[in-house]
Structure formats: C-alpha cells, structure tokens
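A quick write-up on the structure given underneath.
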Amino acid sequence: MVPHARARPVHGPWSSGRVLRFRAVTARSETPAFFRSSSVAPGPVQLLRLAVNDILSRRRLIIYLVQADLKKKGADTLLGNVWWVVDPLLQMLIYVIFMGVILQRKTPDFPLFIFCAVLPWKWFDSTTKDGIASVVIKDKLIKQIYFPKLVLPFAAVVSGVVNFAFGLIPLFALLLLVYPQRATAWVLFIPVIAAVEFVFALGVATLLSALNVFYRDISNLARHLIRMWFYLSPVLWSADDISHIVGHHRVLAPLVVMNPFYHLLGSFRNVVYYGQPPDWGGLIGLTLLSLDLLVLAVLIFKRLEPTFAKVL
Amino acid sequence: MSSVAPFPFDNPATERFAIRADELGVRYSLKLTRKQTIRDSVVRRVRREGDPDFWALRNVSFGVMQGESLGVIGPNGAGKSTLLQVLAGILLPSEGVVEVDGHISSLLTLGVGFDEDLSGVENIRLAGAFMGIDHEVVEERLAAIIDYADLGQFIDAPIKTYSSGMRARLGFSIATSVEPDILLLDEVLATGDAVFREKSKQRVLELVRQAKAIVLVTHDMNWVTDYCNRAILIERGLIVLDGKPEEVVALHQEHAAQRKAEAAAKGVLQLRRPRPGRRR
C-alpha cells in the first residue's frame, strides 16, 4: 500500500520556516486524511495525540466559547442568568403537578424526588442538543479559518456543566431548607456522579456533532430519541418501579439495566433523596463505557474533520 | 524564476519557495455536498449512474517564491477562492501536494465569524482565539485593533447592532492585525465607505510590504498590474496562463470579452423567441 507516494520528505530550505505545513493526499481522498506535519496518514494513536493537542492548545478558545454561550443564554431576557436557577425549578414544578396532583402519586417528599433526577437529565438533554448543533452552526467560520473543530462540541458540553452547577443551588436549597431530615453526607458525591455523566455526554455530543455535518437528520432523530429515552429512564419514577414493571422479562430486564441513566439517575437519587451510597458498580461500568465511547467519538471526529469545510 | 520585485517589497525576491503546489486537485463529491436524500441515492443506484464529482481545481502547479506577490484572476466560480482555502489549510487537496513555508494569514471574507450577541471587544478576543493567536498577543494588540476600527462607543455594543460597513471595518481591523509571513487576500479591498476604503488600501499595502509572500485574489485588475509581480489566470479549475501580470490580465480581458459576446448572442436569441417583433 503506497497511498502517499507523492509526498516528499521535508528537507533543504523547507525546514527553516517557522511553521511548516506539509499536506499530501492521494487521488482517492474523499475518505478524509490530513497531514499537518507528516506525509503519513495518522493512525488512531496519532489522531488521539492530535486531538489532545487540539484541546490543550486551544483551552483559551474553549473558555471564550463557553463564556459566549453562557452570555447568550441570558441575553434578551429580563431575568437574565436567573433563568438558570428558575428553569429547572419550573420544570420540577410541572412534573410535580402532573405526577403528584393529576396522577395522584404517593411518593413522599415528591418535589425532591423529582428534582434530583430532573436536574441531571435536563443537563444531558440540553448539552446533547447543543453539542450536536455545535459544529454545524459554525459553518461559515469553518470555511474561513483553519482551527481545530474538536473545540466546538467540547465547549458546548463544558458550558452545560456551568448550567448544571447553577441548578445545584435550588437543589441544595430544597434539600437543606425544606427537607433537612433527608440531607446526608452522601450528597458530597454529586461531583463524582456528575463527572461520569460529563464523560458520557461528551462522547455522545462529539460523535453526533461530527455525523450531523453529513446527515442533518441526526439532530431531528436525536430530539425524538432523547424524549423516548426520558420516559424509559427513572426520572418521573424510581429505578425500582421500572425494575418492578419489567420483572424478569428476558429482553426488557437486561435492557433496563443497560440504560446509562438507570445507574446515573439512580445514583443521584441515592445520594440526595435516599441518603444512600451511589450505585458504585453501575458507575464504574459506565465510566469504562463512557471512556471507550469518548475515544471512539474523538477518533471518528478527527477522521471526518478534514471534510467539514467541503460539506458544510 | 529570479524575477525581481522592486515594489512593493522590502524583502527582495529570493530563490526560496514560500508556497509550492504540485498537481493540486480539489474534488467535491456531490454525494456529500449536494445533500442527496436517500431517495436520490436509490434512484442513482437503479439507473447505474455513478456519484457525480466536481473538480473545483485540477492539475494546478505553481510556486510562489519568498518575496513574490502573486495575483490570481479568473471569472466567477473558476476556483480562485478554493485555491486560497487550500493554501490556508481550510480545505485539503484531493490530490497533489501543497507545501507552505512560513506562517500563513488569510484575509478571506471578512467578519463572517462574528458572534451576534457579543460585543465588538469580545468578538476581537474570540476571533483571535479562533485564529490561534496567543492570548497575551491579542490583549496587547486589542487597543490598536479597536483604534483602527474606529467604531466609537459601538465597540462595546453587540455586533447585531452594527451596520454592514461597521462589521466590515471591525473584520478588516482584526484580520490585518496579524503579522504573517504569507498573506492570502480574497477581495478584501472593497469594504466600507470611501474613507475607510482608502485607509484599508494603505493598510493592505503596508502588509504587502511586510509579508514575505502574497497571494491576492481580486477582480480589480489595477491591483494585479500595480502590486503583483506575477499572475495566474484560472478558468474552470485549471491554470490557463502563468506569467507577467500585464499578459495575464490581457488574456483574462480577452476571454471575458469573448464570454460577454457569447452571452450577448445567446441573450438576443432568447429574447427573440418570445417576442419576435422586438429587437435591440
């Protein structure tokens, strides 16, 4: 296989430049391949190294993008950033009215029960949607300047973290002021569970943002799938309820346990509502899965990245 | 190739390449870019048509020496902007090799990347970060950029309140604040009002003097003959002529006149048919 026979090694007067770029592609290169520093198609390890370099060298850009995003979310509203706190509260209120009053659910301390799951779910929901769109909305810029596109989904997901963190304010207020008898030290494990969710969301957003460039159907489809996922996850009901309904069904029972949010939301609810340790087994398994997903997502993203400017 | 460039360069022309393109080709697969639906794809498969390709550039080979200023001219859609995108690293060549020796700055269309909700200052910082300029350097040049754009109090207002001329001024000011070795310019000279246009012309000339090599895409033939020491004419993705600016411009104008005549002939025919009684 001599795909890059044309590429010549760097030598002579060429090597004296400050920035030396060397790109070579063969005739069949709609399969993306890009070469900034060598004439060899980067393998997976090389791609990962490039990706890490992309992120580390453009930290400042990610910070600016996150700041811009946060500023925009509060722009043109009277309440501004207060919405970050009010938003999850209102959503909780709707579910409490819907489930508690209309469907007559008899779960004790129902607002807290709902809120500790709505918050992480809402985070995943909005961060995935923002992440998927993150590359496509920068189409003009991508055609005008060269920059590592990987910063776009990363910035979208990081900005979601800030929103989530603000949502913790009303959660703690609810827990400490209204239901102090439920507060335990296990609450301090929220950041650990959130970290697992962060890695998972980052993988999902990175993968789908790249695919969405080629098939915009992804964002349409994702909207509905996420909605479906919501009802299959223990947000409005407890993990036990779901397990109880599916029982020992041969197909459904394992499926329920395979849902990452079965473990994530279960863990959140354990530490906040039940005052119990998180679902350690599930979290460790999910961490491994999320890291694999993230690596795979970054590899696919980096492979597709060079064609973005052509397709957008 | 040791054609001397007395003006506008301070750096004399040398034997070193700044840019070298060898058998460069850029192909757009219409399957991906024209967004076929699954139905279209199936229809193609059934009719046994291949997926259509479009070569925006083909067999393009040229070199730009350190100290040279290359003008790129040609009709609309000939592939001039694609060429600049390849040189800037935005597009990858589908075949061939591009080698670039030096730090590149591209002034492609100005101000498109602005974030509407952010203020002028914030957009300067964001643009700097996108261009990969160090944070400290951006902060250092911030005052100069603001000063040059000359937007007064608007610099702290969101971009969405700007007029198109103000956007162009800010974009121009940001884009020209870098100190590139190799400068790529794409029709950046026609921005803003008359005063700013004159000001921006001076700024571009200044940059042209500093840069080690320039590639300029323009429809303004005076720029090519006045400030370039070489030019290439691109038509339909191919280099038609590579040579002295005067010769290349002459051929371009000849071809343009031909095209105009052909278009006029076609136009008369089309006009005639529906209204036979009316002639020009």
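The values are calculated or read from the model by the stated rules, or taken from the named source; none is laboratory data. Treat the numbers as computed from the prediction; the structure is a model and nothing was measured. Please note: Cβ atoms are built from the backbone with ideal geometry, for glycine as well, and neighbour counts cover all protein chains shown.
For the range B:141-153, the set of residues classified as buried (at least 18 other Cβ atoms within 10 Å of the Cβ) and not aliphatic (A, V, I, L, M) consists of B:Arg141, B:Tyr148, listed by residue number.
Condition check ((1) closer than 22 Å to A:Phe110 by Cβ; (2) part of a helix (DSSP H, G or I); (3) of a type outside the set (Gly, Ala, Ser)) across all residues:
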residue	(1), (2), (3)
A:Ala210	no, yes, no
A:Phe230	yes, yes, yes
A:His244	yes, yes, yes
A:His248	no, no, yes
A:Leu255	no, yes, yes
A:Tyr262	yes, yes, yes
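Residues in the range A:109-145 that are surrounded by fewer than 24 Cβ atoms within 10 Å (Cβ to Cβ), part of a loop (DSSP other than H, G, I, E, B) and modelled with pLDDT of 85 or more: A:Asp109 only.
Of the residues making up the range B:73-93, those that are facing chain A (nearest Cβ under 10 Å) and in a loop (DSSP other than H, G, I, E, B) are B:Ala88, B:Gly89, B:Ile90, B:Leu91, B:Leu92, B:Pro93.
Taken over the range A:50-75, the residue count meeting the criterion of being within 17 Å of the chain's Cα centre (by Cα) and at the interface with chain B (Cβ under 10 Å from one of its Cβ atoms) is 4. Residues in the range B:14-33 include at least one that is at pLDDT 70 or above, of a type in the set (Val, Ile, Thr) and closer than 30 Å to B:Ala78 by Cβ. The residues listed here are B:Leu87, B:Leu70, B:Leu108; of these, the one that is under 20 Å from B:Glu179 (Cβ atoms), touching a Ser or Thr at 6+ places or on another chain (Cβ under 8 Å), at pLDDT 85 or above and not small (Gly, Ala, Ser) is B:Leu87. If you go through the range A:39-74 and keep only what is free of Cβ contacts under 8 Å to residues at least 24 places away in the same chain and touching a helix residue (DSSP H, G or I) at 6+ places or on another chain (Cβ under 6 Å), you end up with A:Arg60, A:Tyr64, A:Gly74. Inspection of the range A:267-283 finds no residue satisfying the criterion of being surrounded by fewer than 15 Cβ atoms within 10 Å (Cβ to Cβ) and of a type in the set (A, V, I, L, M). Within the range B:50-65, is even one residue closer than 18 Å to B:Phe17 by Cβ, assigned by TED's automatic domain parsing to the domain that holds B:Cys228 and of a type in the set (D, E, K, R)? Checked against the condition, which is being closer than 18 Å to B:Phe17 by Cβ, assigned by TED's automatic domain parsing to the domain that holds B:Cys228 and of a type in the set (D, E, K, R), the range B:50-65 yields no hits at all. When B:Ser173, B:Ser163 are checked against the criterion of being out of contact with any His (no Cβ under 8 Å at 6 or more places or on another chain), surrounded by fewer than 15 Cβ atoms within 10 Å (Cβ to Cβ) and more than 9 Å from every other protein chain (Cβ to nearest Cβ), B:Ser163 stands alone in meeting it. Looking at A:Asn270, A:Asn220, which is the one that is assigned to a helix (DSSP H, G or I) and more than 23 Å from A:Ala297 (Cα to Cα)? Residue meeting the stated conditions: A:Asn270. Scanning the range B:175-190 for any residue that is part of a helix (DSSP H, G or I), out of contact with any strand residue (DSSP E or B) (no Cβ under 9 Å at 6 or more places or on another chain), in the same structural domain as B:Ala129 (by TED's automatic domain parsing) and under 20 Å from A:Lys143 (Cα atoms) turns up nothing. Checked across the range B:204-213, the condition of being within 18 Å of B:Val249 (Cβ to Cβ), not in a helix (DSSP H, G or I) and not assigned by TED's automatic domain parsing to the domain that holds B:Asp150 holds for no residue. Restricting attention to the range B:48-72, the residues that are outside any strand (DSSP E or B) and surrounded by fewer than 22 Cβ atoms within 10 Å (Cβ to Cβ) total 5. In a residue-by-residue description of the range B:129-140, the property of being modelled with pLDDT of 85 or more, crowded, with 18+ Cβ neighbours inside 10 Å and more than 7 Å from chain A (Cβ to nearest Cβ) applies to at least one position. Looking across the range A:136-153, the residues that are farther than 13 Å from A:Pro306 by Cα and either within 7 Å of another protein chain (Cβ to nearest Cβ) or touching a Ser or Thr at 6+ places or on another chain (Cβ under 8 Å) (or both) come down to A:Val136, A:Lys140, A:Leu141, A:Gln144, A:Leu152, A:Pro153. Is one or more of the residues making up the range A:291-308 exposed (fewer than 15 other Cβ atoms within 10 Å of the Cβ) and either at pLDDT below 90 or acidic (Asp, Glu) (or both)? Checked against the condition, which is being exposed (fewer than 15 other Cβ atoms within 10 Å of the Cβ) and either at pLDDT below 90 or acidic (Asp, Glu) (or both), the range A:291-308 yields at least one hit.
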